[in-house]
1. Short version: ³J(HN,Hα) in whole Hz for each residue of segment 190-202, in order, from phi by Karplus 6.51 cos²θ - 1.76 cosθ + 1.60 (θ = phi - 60°), x for Gly and Pro, what are they?
2. Anyone know which of Glu228, Glu119, Glu102 comes out most mobile in the 10 Å Cα GNM of the chain?
3. Could you list which residues have their amide H under 5 Å from that of Val144, counting only those 5 or more apart in sequence or on another chain, with H placed in the peptide plane?
4. Tell me what the chain gives for mean residue ellipticity at 222 nm when only DSSP H runs of n ≥ 4 count, each as -39,500 (n - 2.57), the sum divided by the residue total, rounded to 500 deg cm²/dmol.
5. Each residue of segment 145-151 in order: what ³J(HN,Hα) in whole Hz does its phi give by Karplus 6.51 cos²θ - 1.76 cosθ + 1.60, θ = phi - 60°, with x for Gly and Pro?
6. Between Lys256, Lys219, Lys271, find the one with the highest GNM mean-square fluctuation for the chain; connect C-alpha pairs within less than 10 Å.
7. Identify which of Ile258, Ile78, Ile121 has the largest mean-square fluctuation in a Gaussian network model of the chain, with springs joining Cα atoms closer than 10 Å.
8. Using θ = phi - 60° and the Karplus relation 6.51 cos²θ - 1.76 cosθ + 1.60, list the HN-Hα couplings for segment 284-299 in order, rounded to whole Hz, with x at every Gly or Pro.
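All of the numbers you see were taken from the coordinates with simple rules; none came from a lab. Please read these numbers as outputs of a predicted model, since none were measured by experiment. With ideal geometry, Cβ positions are generated from the backbone for all residues, glycine too; neighbour counts draw on all protein chains shown.
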Amino acid sequence: MKKRIFSGIQPSGNLHIGNYLGSIYNWVNLQNDFDCLFCIVNLHAITVNQDPKTLRDKTKEIAAIYLACGIDPVKSHIFIQSDVKEHAELMWLLNTQAYFGELSRMTQFKDKSDKFKNENIPLGIFNYPILMAADILLYNTELVPVGEDQKQHVELTRDLAKRFNNKFGETFKEPEPYILKDGAKIMGLDNPDKKMSKSAESAYNYISLIDSDDDIIRKIKKAATDSENGIKFDKNRKGLHNLLTIYKMFSLKSEKEIEKEFENKGYGDFKKALAEEIIENISPIREKIKEILKEKKYLDKILEDGANYARNIAEKKIIEVKKKMGII
Ligand code: ATP
Ligand code: LTN
């Protein structure tokens, strides 16, 4: 039996190269060795306002992006979170076991809630990690490949699993986060102090997977750097370090090779090479996304098969949990 992997992405906004390098890129390499479930987490997306039609379209678009990036539906299972109702059901059961204090400590909650006036913080952004825990625990997941920002949520999931097992008997596997050394936290192009984010105010923060070649060139030209000389991997030069990490991941070259390549060269040459490297990797994905989105039936069939596979596992787990808790 292969070990199981679960991960998901919200169908909100346009996926950017941070989402790609921090998660999907990693998934593609894992699908040969693990039983993989890759979810489109639309119930998470509605924790903030969404236009219903856009959400529906984006949900399909994420499925097309998974496929275009190399997720193989023969090896992996792709499905929409709301198609398996056990996610919402387990969330409620786990809600009753979680603490207000532990959820208040989540850094993503602190960041997101800062944007709202005190009384009107949506409850969904507060207990959103419990839904994520339900996603993971329903499937006896062992590894959760995510970007650095999600590590705390996976740790909370482990705590909840442990707490439930202690109280009701062995029920859930304790999952481990699986985070790559490079790419786990790609920083914003316009502000290298914060992670690249699809909800950023300026489009100059990110390069989305559907940006045109011209957009990519323009955004890289404008990316924040510094006034020092030399193209070198130096963590203190945050803007440059971020761009070099992106270059390293897309080109598959080593840090030494890259520093040698740009010895005696400046930002102009480096940024030109970086834009070319990103275009070489992203433009085929962009074209594939368009093609796959035209194959509506093919996409629907993959999502239906994925949901059937997931539901079969989830139904069994929810019965076990309800029995343990005395609900049935
Ligand atoms: P965003 O902040 O971009 O609006 P998000 O992190 O809230 O998005 P998702 O888009 O669902 O939510 O994230 C999908 C995956 O991408 C997660 O595994 C997350 O850890 C990863 N990820 C998000 N941003 C980055 C980043 N800047 N660098 C690396 N990985 C990232
Ligand atoms: N919370 C994550 C998305 C997400 C997820 C999951 C990731 C929801 N459920 C389960 C891994 C496993 C985010 O905002 N990026």
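1. 3J(HN,Hα) across segment 190-202, in whole Hz: 8, 8, x, 8, 10, 5, 4, 9, 6, 8, 5, 5, 9.
2. Looking only at Glu228, Glu119, Glu102, the biggest GNM fluctuation is shown by Glu119.
3. Glu176, Tyr178
4. Dividing the helical sum by the residues of the chain leaves -16500 deg cm²/dmol.
5. Ordered by residue, 3J(HN,Hα) equals x, 9, x, 3, 5, 9, 4 Hz.
6. Of Lys256, Lys219, Lys271, the most mobile in the Gaussian network model is Lys256.
7. It is Ile121.
8. These are the phi-based 3J(HN,Hα) values: x, 5, 4, 5, 5, 4, 4, 4, 5, 5, 6, 8, 4, 5, 4, 5 Hz.
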